[in-house]
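The values are calculated or read from the model by the stated rules, or taken from the named source; none is laboratory data. Since the model is a prediction, treat every value here as computed from it, not as a measurement. Please note: Cβ atoms are built from the backbone with ideal geometry, for glycine as well, and neighbour counts cover all protein chains shown. For the accessible areas, the whole protein counts, side chains as well, though only heavy atoms, and no ligand, DNA or RNA atoms are used. Shrake-Rupley method; radii C 1.70, N 1.55, O 1.52, S 1.80 Å.
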Amino acid sequence: AGTAPVQVTLVEPSGLYSTCFFSNLYLAGLRSFESLTHGYETLRRQYGIAVVHDSAAMIDPVAKIVGLSSGAKLSYDRVVLAPGIAFQDRAIDGYDATAMQIMPHAWKAGAQTKLLRKQLQSMEDGGVFVLVVPPDPFRCPPAPYERASLVASYFQRHKPRSKILVLDAKSTFTGQDLFQDAWQRHYPGMIEWLPAEFTGGVKAVDVKARSVITAEETFKAAVANVIPAQKAGHLAQQMGLADRSGWCPVDPVTFESTLQPSIHLVGDAIIAGDMPKSAFSANSQAKACAFALASVLTGSSRSTPHLFNTCYTFLAPDDAWSNAISYKPLAGTIRTAHAFISKVDESSEMRRRAAREAEGWYDAFILDVFG
């Protein structure tokens, strides 16, 4: 007798998804917002996935039921969560939901991204753009510095007297040598990076004064982009899937929660060892998880997952660096197996080629995710 086909239901609140990756190009006026926005129709029509536009409000791991915000209930054999990120409560004094409408984080693509773009467009030439970078771990480690780079590119073209101040919660950052080399080459004197050891760290914001307050000094901003410290998304916290770190421990082979059996997690919310919190990492984890689920549900043999992260990061419109890293489960976590990362001394032609390749990477990745 043949095995019954596995039925897949995707619960997704939004009818359209806007990507965080490449959103910095939109902020710099180099891409349209529409080019970052994608739908789920192909998954429904071509792959037979039941797409439900609703939010998961609760999970009953005993009855194996997902309760939706609409009141509907879905039964499951296995459930996979991608809870994403939430911001840590009171991480920065005065930075609340109201403040986010004045000093956007733009760390969840959509309305916040559009708001920050509008503020940058309306900012007077000669103003200061203050970018607050959170402590590790956070979604997409190179992204704040790519944002500084691409906003500098926008300023160079449209507001050349403006400055960028990066207030960092850390003393070092991902790709630091590549970014600082590019800032000197492309934007001399425009970007200033202040690590926490210089400022004592960001303590508060004054929304009315549009100021960012550190332990040592207060910085007045024409536009402030405040990215708070992060943790696993609210549903993960609510369901007891996160440990004391604020993130979700998982089995590195099956991505099953180590705290709640029969619930699997992928993406930014999980503790993934050496793997960064990136979209490509999440996609790789999702594939490994899918193979593990197929093994459980169909009785097929289980294989060790091959995990990858590939990323292109822009320093200027025609200057990008890349990385390609493979990972493997090892001793209960995920460790780097092989890594390629761009070097500072690469030729300008190599960097231009990486910027062109990035466009193809985006299109291929979107096709892989949305069909």
Sole miss for PHE22 among (1) over 26 Å from THR254 (Cβ atoms); (2) exposed (fewer than 13 other Cβ atoms within 10 Å of the Cβ); (3) of a type outside the set (Gly, Ala, Ser) is condition (2)
Every listed condition ((1) surrounded by 13 or more Cβ atoms within 10 Å (Cβ to Cβ); (2) over 26 Å from ALA232 (Cα atoms); (3) touching a helix residue (DSSP H, G or I) at 6+ places or on another chain (Cβ under 7 Å); (4) β-branched (Val, Ile, Thr)) holds for ILE341 save (3)
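For ALA169, state whether it is farther than 25 Å from GLN121 by Cβ and in contact with a Phe, Trp or Tyr (Cβ under 8 Å, 6 or more places away or on another chain).
Here the answer is no, as ALA169 does not meet what is asked.
Yes/no per residue for (1) among the small types (Gly, Ala, Ser); (2) in contact with a strand residue (DSSP E or B) (Cβ under 6 Å, 6 or more places away or on another chain):
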| site | (1), (2) |
| --- | --- |
| VAL11 | no, yes |
| THR19 | no, no |
| LEU25 | no, no |
| ALA28 | yes, no |
| HIS38 | no, yes |
| SER55 | yes, no |
| ALA72 | yes, no |
| VAL79 | no, yes |
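With the condition kept exactly as written, say whether any residue in the stretch 243-253 is polar (S, T, N, Q), farther than 24 Å from HIS338 by Cα, open to solvent by 50 Å² or more (accessible area, probe 1.4 Å) and within 23 Å of the chain's Cα centre (by Cα).
Scanning the stretch 243-253 turns up at least one residue that is polar (S, T, N, Q), farther than 24 Å from HIS338 by Cα, open to solvent by 50 Å² or more (accessible area, probe 1.4 Å) and within 23 Å of the chain's Cα centre (by Cα).
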Run down ARG356, ARG352 and say which single residue is under 21 Å from GLY29 (Cβ atoms) and without any contact (Cβ under 8 Å) to a residue 12 or more places away in the chain.
ARG356
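Just need a number here: residues in the stretch 212-234 that are open to solvent by 30 Å² or more (accessible area, probe 1.4 Å), part of a strand (DSSP E or B) and closer than 15 Å to ALA86 by Cα.
Residues flagged as open to solvent by 30 Å² or more (accessible area, probe 1.4 Å), part of a strand (DSSP E or B) and closer than 15 Å to ALA86 by Cα within the stretch 212-234 amount to 1.
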Which residue, of ALA28, ALA50, ALA63, is of a type in the set (A, V, I, L, M, F, W, C) and in contact with a Leu (Cβ under 6 Å, 6 or more places away or on another chain)?
ALA28
Expected single match for surrounded by fewer than 18 Cβ atoms within 10 Å (Cβ to Cβ) and without any contact (Cβ under 8 Å) to a residue 12 or more places away in the chain among ALA209, ALA196, ALA204 is ALA209
Anything in the stretch 29-58 that is within 19 Å of the chain's Cα centre (by Cα), among the aromatic types (Phe, Trp, Tyr) and open to solvent by 40 Å² or more (accessible area, probe 1.4 Å)? List them, or say none.
none
Selection count where residues are surrounded by fewer than 19 Cβ atoms within 10 Å (Cβ to Cβ) and in a strand (DSSP E or B), scope the stretch 59-70:
4
Have a look at GLN180, GLN237 and point out the one that is modelled with pLDDT of 95 or more, closer than 22 Å to LEU25 by Cβ and part of a helix (DSSP H, G or I).
GLN180
Selection count where residues are hydrophobic (A, V, I, L, M, F, W, C) and at pLDDT below 95, scope the stretch 216-234:
0
Check on ALA148, touching a residue at least 12 places away in the same chain (Cβ under 8 Å), in a loop (DSSP other than H, G, I, E, B) and touching a Leu at 6+ places or on another chain (Cβ under 6 Å):
no
Residues that are among the aliphatic types (A, V, I, L, M), more than 30 Å from ARG185 (Cα to Cα) and touching a strand residue (DSSP E or B) at 6+ places or on another chain (Cβ under 8 Å), at least 2 per element: which strands (runs of 3 or more DSSP E) completely within the stretch 287-371 meet that?
333-341
Condition met for ARG157 (basic (Lys, Arg), under 19 Å from ASN24 (Cβ atoms) and either part of a loop (DSSP other than H, G, I, E, B) or more than 26 Å from the chain's Cα centre (by Cα) (or both)):
yes
Residues satisfying the stated conditions in the stretch 190-222, i.e. within 18 Å of MET100 (Cβ to Cβ) and within 22 Å of the chain's Cα centre (by Cα)
VAL202
Which of the residues that make up the stretch 283-329 are aromatic (Phe, Trp, Tyr) and either farther than 30 Å from TYR26 by Cα or open to solvent by 60 Å² or more (accessible area, probe 1.4 Å) (or both)?
PHE291, PHE308, TYR327
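So in the stretch 101-114, with the set limited to residues that are of a type in the set (A, V, I, L, M, F, W, C) and touching a residue at least 24 places away in the same chain (Cβ under 8 Å), which one is farthest from SER211 (Cα to Cα)? Outline the logic, then answer.
Pass one, the stretch 101-114, residues of a type in the set (A, V, I, L, M, F, W, C): 102-103, 106-107, 109, 111.
Add one more test, that the residue is touching a residue at least 24 places away in the same chain (Cβ under 8 Å), and what stays is 102-103, 106-107, 109.
Working: ILE102: 11, MET103: 10, ALA106: 18, TRP107: 20, ALA109: 24 Å.
Per the stated criteria, the residue is ALA109.
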